1. Given the residues GLY161, GLY204, GLY141, which is the only one that is modelled with pLDDT under 95, under 21 Å from SER76 (Cβ atoms) and under 15 Å from the mean Cα position of the chain (by Cα)?
2. Going by what's in this entry, would SER151 be described as in contact (Cβ under 8 Å) with a residue 12 or more places away in the chain, farther than 26 Å from LEU13 by Cα and either aromatic (Phe, Trp, Tyr) or buried (at least 19 other Cβ atoms within 10 Å of the Cβ) (or both)?
3. Any idea which residue in the range 117-148 is nearest to CYS18 (Cα to Cα), counting only those that are outside any strand (DSSP E or B) and open to solvent by 10 Å² or more (accessible area, probe 1.4 Å)?
4. When only residues in the range 86-132 that are touching a residue at least 24 places away in the same chain (Cβ under 8 Å) and of a type in the set (Gly, Ala, Ser) count, which is nearest to CYS14 (Cα to Cα)?
5. Step by step: first the residues of the range 44-56, then only those that are out of contact with any helix residue (DSSP H, G or I) (no Cβ under 7 Å at 6 or more places or on another chain) and in a helix (DSSP H, G or I), then the one that is least open to solvent (accessible area, probe 1.4 Å). Which residue is that?
6. Are there any pairs with C-beta distances below 8 angstrom linking a residue in the range 43-62 that is under 21 Å from GLN78 (Cα atoms) to a residue that is part of a helix (DSSP H, G or I) and open to solvent by 100 Å² or more (accessible area, probe 1.4 Å), with the two at least 6 apart or on different chains, and if so which?
7. Restrict the check to the range 24-43 and report whether at least one residue is under 30 Å from SER146 (Cβ atoms) and buried (at least 19 other Cβ atoms within 10 Å of the Cβ).
8. Are any residues in the range 161-189 over 20 Å from MET91 (Cβ atoms) and open to solvent by 30 Å² or more (accessible area, probe 1.4 Å), and if so, which ones?
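The values are calculated or read from the model by the stated rules, or taken from the named source; none is laboratory data. The structure displayed is predicted, hence computed values, not measured ones. Reconstructed Cβ throughout: ideal geometry from the backbone, glycine too, with neighbour counts over all protein chains shown. In case anyone asks, the SASA skips ligands and DNA or RNA and just uses the protein heavy atoms, side chains included. Shrake-Rupley method; radii C 1.70, N 1.55, O 1.52, S 1.80 Å.
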Amino acid sequence: MELIFHEKQEGSLCAQHCLNALLQNQYFSAVDLAQIAERLDVREREFMAEGGVHTREYQQFLQQPSSNFDDSGFFSVQVISDALAVWGLEMIPYNSQTEQANQARINPNNERAFICNFQQHWFAVRKLGDQWFNLNSLLTGPELISDTYLSLFLTQLQQEGYSIFIIKGRIPDCEADQLLKIVPAVQTIRPSLLEDPNAQTSKGSSTGELQTALEESRHASDMDDVTLQKALKMSMQGYHDDEAILQSAIEQSMKCENPAAAEISTPSAEEVRQKRLEFFNKQQSSTPSTSTSSTVDISSPQG
């Protein structure tokens, strides 16, 4: 019996939670990230000073707040990138036209991890063993994502406005990764969203808004494998950003006599969203835990 490292949302420290979830240990604190941000600020001041310390541009720059962090716990993408560089890791935009990004879009299962950002909320999606997990700190625990639905999950996040980054480089070894290669995790009850509508995220965004977007991207789906493969095939042909494709796939699946329950859905109409929500609520556990960290049990599959 082993556990997957997962930090639950505390204040606006999603960047810290994201990095630690990715690395599977408590490697970074808010102080560590603030020091990285301060070093970035110094470099930016030095760059601006090259044009002259008495120029209007430089004086205006000094009056502006830091773009790398603030008192709420917000940290910029530059801070995340520099923190990962300490471990020899690199962030590559998922929608870029590089060869690495093209390959990741064709077969995301060949990657090791992704970092996702929405309204300055950060979370990691990582492969542990041969399984994928959504390690979002707004969830009560890690969420298992099947290989079949990973591509659709990432596509849905993009449609909800998320920026996605591919993580390249050798991620540090962790015990959960080693054990899951031997004994895959089984998740009979999916984690729920943390209930804290009054909490504030970085730069004033409410967690309620983030929870809504996240919930839309993870409702249970009743698409069968045939319909899913059609949707994925269409997305690989260059239409993965078209909302009509996913809507068409959902409509086809709703006509199936024996739809199969899936882990990730792509609702795009209000009545479809409501249908998914009703299904999702039936699958949820009771009241979420109030502790600041949680785990997923690694146990032998039944049957």
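1. GLY161
2. Spelling it out, SER151 is indeed in contact (Cβ under 8 Å) with a residue 12 or more places away in the chain, farther than 26 Å from LEU13 by Cα and either aromatic (Phe, Trp, Tyr) or buried (at least 19 other Cβ atoms within 10 Å of the Cβ) (or both).
3. Among those residues, the one meeting the criterion is GLN120.
4. ALA124
5. GLU44
6. MET48/GLU57
7. The answer is yes; a qualifying residue exists.
8. Listed by number, the residues that qualify are ASP173, GLU175, GLN178, LEU179, LYS181, ILE182, VAL183, PRO184, VAL186, GLN187, THR188, ILE189.
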